[in-house]
Ligand SMILES: [Zn+2]
């Protein structure tokens, strides 16, 4: 049973963010880790009453960082193929 990240009661919702590339094929997509919240805390969070922007954006930021790392690896792999 997931617990609410804010109040530790049992969570009713999980929030995830997805970062995906546009205009780059094949598309790279990265899902953030999910953050669980009870209904009350999620409502308050979205109203700006609790938490900070990083409560939801922190995991998205991590997903974005990972996506960028994969993009760099891919472009390195591609440039190797081209130079051969
Ligand atoms: Zn809660």
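Could you state the angle between the C-alpha long axis of helix 53-83 and the longest principal axis of the C-alpha atoms of the chain, as a value from 0 to 90 degrees rounded to the nearest 10? With rounding to tens, the tilt is 10 degrees.
Residue-normalised convex hull volume from the C-alpha trace of the chain: 104 Å³ per residue.
Take every pair of alpha-carbon atoms less than 8 Å apart whose residues are at least six positions apart; their mean separation over the length of the stretch 13-83 yields a relative contact order of 34 percent.
Where a number appears in this text, it was derived from the coordinates with a stated rule and is not lab data. Because the structure is a prediction, the values reported are computed rather than measured.
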